[in-house]
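The values are calculated or read from the model by the stated rules, or taken from the named source; none is laboratory data. Note that this is a predicted model, so its numbers are computed, not measured. Reconstructed Cβ throughout: ideal geometry from the backbone, glycine too, with neighbour counts over all protein chains shown. Note: accessible area is taken over every heavy atom of the protein model, side chains too, but ligands, DNA and RNA are not part of it. Shrake-Rupley method; radii C 1.70, N 1.55, O 1.52, S 1.80 Å.
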Amino acid sequence: MITFVTDWPGHDRRYAINATKIEQKLGWRPVETFASGLRRTVQCYLAHQDWVAQVTSGYRQWIDQNYAHRGGSLR
């Protein structure tokens, strides 16, 4: 049994793709693997810690504002 629920603000619809069809039809392959992409992402965050701090500083307020209507707390 599947129960469909209303999506919430900021929720990504999908986190990954299956590139099999585009590879078969066009010969395209992603440049990054999951492992290399994750490694590069972490390296970028470490190299730009000031930016990460700026982006994440307001995250708690955003969570409270966008999820308060659910009646619970995510803390």
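I'd like the residue in region 19-75 that is aromatic (F, W, Y) and open to solvent by less than 100 Å² (accessible area, probe 1.4 Å) and, out of all such residues, is nearest to W8 (Cα to Cα). Give the derivation first.
In the first step, residues of region 19-75 are kept if they are aromatic (F, W, Y); the result is 28, 34, 45, 51, 59, 62, 67.
Then keep just the ones that are open to solvent by less than 100 Å² (accessible area, probe 1.4 Å); that gives 62, 67.
Numbers: W62: 13, Y67: 8 Å.
Looking at residues that are aromatic (F, W, Y) and open to solvent by less than 100 Å² (accessible area, probe 1.4 Å), I get Y67.
Of all the helices (runs of 4 or more DSSP H) wholly in the chain, which have at least 2 residues that are among the aromatic types (F, W, Y)? Talk me through it step by step, then tell me what you get.
Numbers: elements: 20-26, 34-47, 49-56, 59-67.
Correct list: 34-47, 59-67.
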**Report entry** Qualifying positions in region 1-57 - of a type in the set (S, T, Y) and more than 24 Å from R70 (Cβ to Cβ)
**Finding:** T20, T33, S36, T41, Y45
